[in-house]
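What follows is one structure encoded as structure tokens, with my remarks underneath.
The values are calculated or read from the model by the stated rules, or taken from the named source; none is laboratory data. The model shown is predicted, which means the values in this text are computed figures rather than measured ones. As a convention, Cβ positions derive from the backbone with ideal geometry for all residues, glycine included, and neighbour counts pool all protein chains shown.
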């Protein structure tokens, strides 16, 4: 592990409600997959990106600037996953003025897979493709709630597995799919 | 704006019996109806909104605290309810621990600022070791109110 591994980026919080409970919870859950330190700074106050409680006391209002810094052995991968989440409004989908891309779940999968050195393969109905390959994912006809198998091999497989598990668990954070799953179960 | 302004003896339940999330939420909403903070015919809609919100990610924020919340268009006012469970409620919290303190917040659309401020105050309290230490020693709703009032008075976000 090299302490000199540091990745940092700045972004603007675009969520209507700001950096609120749902973005924070998601961010922390994914941040915990990594060994690196994750620091979130908003308007001069900083918090551990792995602590929901610490981040909730930041004043992350809509329009505020956020600096995300990852330090440690898997900082590159952590920064790649977390900055993608943050730049995409933490996958919160309740802004009524936006049009959501119907294949956003596949973009999320492809992008997050590409953050890792490991090869991430995804299988559905006995067909297997590289999860970084957006076009190949489209061919597989994956729905947000499809059941999928992952095969992950490489140096950062442990972290990649946790991220993929989260994507599956939350149906790729496609919130309409999440909500309809509640209704169906009642 | 203080959290304490939104809590009184009628909106604090010292002994939540439910050990499952949904039952605990329903019991708090029933209390809200008794306290005249929620119309009775809104219980089911509100509960459904809270459960939908949990499905997007647990509001168990750690340290035994959960902040279930939802916005429901048909509501007129924001209501805050507090429940304490000795046994703990399973809430799927990020740290895997059962939840002993539930701050439930429901309100209409358009009160986002109030909402966000309440959440910040609750999370500041939840982070505070002293608060949790003293909370465990409280025996009645008046003591809880006093404690929250004290802590908000000296807290970092006050």
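Can you tell me which residue among A:184, A:179 is in a helix (DSSP H, G or I) and either modelled with pLDDT of 90 or more or over 19 Å from residue A:25 (Cα atoms) (or both)?
A:184
Considering only the range A:153-176, I want to know if a residue exists there that is in contact with a strand residue (DSSP E or B) (Cβ under 8 Å, 6 or more places away or on another chain) and outside any helix (DSSP H, G or I).
Yes; the residues of the range A:153-176 include at least one that is in contact with a strand residue (DSSP E or B) (Cβ under 8 Å, 6 or more places away or on another chain) and outside any helix (DSSP H, G or I).
Among the numbered criteria (1) within 12 Å of another protein chain (Cβ to nearest Cβ); (2) closer than 22 Å to residue A:72 by Cα, which one does residue A:153 miss?
(1)
Out of curiosity, is residue B:85 more than 24 Å from residue A:179 (Cα to Cα), touching a strand residue (DSSP E or B) at 6+ places or on another chain (Cβ under 7 Å) and away from chain A (no Cβ under 12 Å)?
In short, yes.
Can you tell me which residues in the range B:96-127 are more than 16 Å from the chain's Cα centre (by Cα), at the interface with another protein chain (Cβ under 10 Å from one of its Cβ atoms) and surrounded by 15 or more Cβ atoms within 10 Å (Cβ to Cβ)?
Result: B:112, single match.
Which numbered condition trips up residue A:15, out of (1) modelled with pLDDT under 95; (2) within 11 Å of another protein chain (Cβ to nearest Cβ); (3) in contact with a strand residue (DSSP E or B) (Cβ under 9 Å, 6 or more places away or on another chain)?
Here residue A:15 clears every test but (3).
Only one of B:132, B:145 is surrounded by fewer than 21 Cβ atoms within 10 Å (Cβ to Cβ), under 14 Å from the mean Cα position of the chain (by Cα) and more than 21 Å from residue B:46 (Cβ to Cβ); which?
B:145
Got a number for residues in the range B:65-97 being part of a loop (DSSP other than H, G, I, E, B) and in contact (Cβ under 8 Å) with a residue 40 or more places away in the chain?
6
Which one of the conditions (1) surrounded by fewer than 21 Cβ atoms within 10 Å (Cβ to Cβ); (2) within 12 Å of chain B (Cβ to nearest Cβ) does residue A:22 fail to meet, given that it meets all the rest?
Answer for residue A:22: the failing condition is (1).
Considering only residues that are in a loop (DSSP other than H, G, I, E, B), touching a residue at least 60 places away in the same chain (Cβ under 8 Å) and facing chain A (nearest Cβ under 10 Å), which ones fall in the range B:35-64?
Correct list: B:63 only.
Restrict the check to the range A:27-34 and report whether at least one residue is more than 13 Å from every other protein chain (Cβ to nearest Cβ) and modelled with pLDDT of 95 or more.
Yes, the conditions are met somewhere in the range A:27-34.
Specify which of the listed residues (B:32, B:18) is within 23 Å of residue A:22 (Cβ to Cβ), under 15 Å from the mean Cα position of the chain (by Cα) and in contact (Cβ under 8 Å) with a residue 40 or more places away in the chain.
Unique residue meeting the criteria: B:32.
Looking only at helices (runs of 4 or more DSSP H) that fall completely inside the range A:23-126, which ones have 1 or more residues that are closer than 29 Å to residue A:149 by Cβ and within 11 Å of the chain's Cα centre (by Cα)?
Qualifying helices (runs of 4 or more DSSP H): A:75-87, A:104-113.
Just give me the residues in the range A:84-94 being in contact with a strand residue (DSSP E or B) (Cβ under 7 Å, 6 or more places away or on another chain) and either farther than 17 Å from residue A:113 by Cα or surrounded by fewer than 19 Cβ atoms within 10 Å (Cβ to Cβ) (or both), in sequence order.
A:87
Hey, can you tell me all the residues within the range A:37-67 that are surrounded by fewer than 24 Cβ atoms within 10 Å (Cβ to Cβ), more than 9 Å from chain B (Cβ to nearest Cβ) and either touching a strand residue (DSSP E or B) at 6+ places or on another chain (Cβ under 6 Å) or closer than 20 Å to residue A:81 by Cα (or both)?
A:37, A:39, A:41, A:42, A:46, A:47, A:48, A:50, A:64, A:65, A:66, A:67
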